[in-house]
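A.B. asks: My questions will all concern the structure given below.
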Amino acid sequence: MRPLSSGMTDRGRRRLKNEDSIGVFDDLGLYVVADGMGGHAAGEVASRTAIEAVRAGVKAVQAVSGSGKDAGRRLLEAVDFANKEVLKKALSDPLLKGMGTTIVAVLLEGDEGGEGGGVRSRSTGLAHVGDSRIYLFRNGELERLTRDHSLVEDMVAEGRITPAQARIHPFRNVVTRALGTKEEVRADISRLVPEPGDMLLLCSDGLTGMLEDVKIAEILAVSAGSPFVCADALVKAANEAGGDDNVSVVVLKF
């Protein structure tokens, strides 16, 4: 079962540049969203470096191991490689010092060389670092599959603030984990077996900071027939709600 896919990234209404990057690699069954940080052009460099490194890492692992490793293990190794690449680039140029990026990635595990040259999906590996997110939309219900690596998410888990308070907290953009900030950064890995009709949404916090989950679910429900229509509608809605940040989405429809 191969998904239809579409991705979109936008500067938003208040930022001067777009530091997000997306990767839609249907040939590899790989889909990625990265939200860079660091000032000057560093955030854009960090996110693009991470996307390219994850792609290269997945290709390298597949070339060596074939189907010997599941999608989650492949992603874990690819994200680890991406972290090293972002850190290496940051150390190579004083203007890039301190840059980093969040990342969410989906990798289909399936048979290569199906009709049209794509991947026939049996299961799906998920990886994330930071506060970008992956959602599952199934049977009209939206479920978040990732837990933010952020200060406010930790505060919510500890019962110190409510989810509603987290949305407006002054430290809501402080992440506790990001690629390129340490020599070792652990990605959270999980696995999903997609069902016909499922949709997966990968997004940066420029979407979730502007739209409540209920609004995201409404848009996915109305536009469920087309990943492109979904992606376009989500980005437009985030901008109409204020567009405070760069917004990036990748939508998969199984």
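A.B. asks: Say the cut-off is 20 Å between C-alpha atoms; which of LYS17/LYS59; LYS59/LYS84; LYS97/LYS182 go over it?
C.D. replies: LYS17/LYS59
A.B. asks: Using the C-alpha gyration tensor of the chain, what are the square roots of 5 times its eigenvalues, in whole angstrom, with the largest one first?
C.D. replies: Here the semi-axes work out to 25, 23, 17 Å.
A.B. asks: Right, something else. Using a Förster distance of 41 Å, how high is the FRET efficiency between LEU4 and ALA56, based on the Cβ-Cβ distance and rounded to 0.05?
C.D. replies: The value I calculate is 0.95.
A.B. asks: What lysines could a cross-link reach from LYS215, if we take a straight Cα to Cα line under 20 Å and drop same-chain neighbours fewer than 8 places away?
C.D. replies: LYS236, LYS253
A.B. asks: Turning to a different aspect of this structure: Starting with the fewest neighbours, write out ILE216, ILE189 ranked by other beta-carbon atoms found within 10 Å of each beta-carbon.
C.D. replies: ILE189, ILE216
A.B. asks: Rounded to the nearest 500, what is the 222 nm mean residue ellipticity of the chain from helices alone, with -39500 (n - 2.57) per DSSP H run of 4+ residues and division by all residues?
C.D. replies: It lands at -10500 deg cm²/dmol.
A.B. asks: Excluding residues on the same chain fewer than 8 positions from LYS69, give the aspartates and glutamates whose Cα lies under 16 Å from its Cα.
C.D. replies: Of all the aspartates and glutamates, those that pass the test against LYS69 - Cα under 16 Å, at least 8 places apart if same chain - are GLU77, ASP80, GLU109, ASP111, GLU112.
A.B. asks: Let me ask another. If you take the beta carbon distance between ASP154 and VAL214 as r and set R0 to 25 Å, what does 1/(1 + (r/R0)^6) give as a FRET efficiency, to the nearest 0.05?
C.D. replies: 0.55
None of the figures in this text is laboratory data; all of them are computed from the coordinates on show. Predicted, not measured: the structure shown is a model, and the values here were computed from it. Note that we place each Cβ from the backbone using ideal geometry, even for glycine, and neighbour counts take in every protein chain shown.
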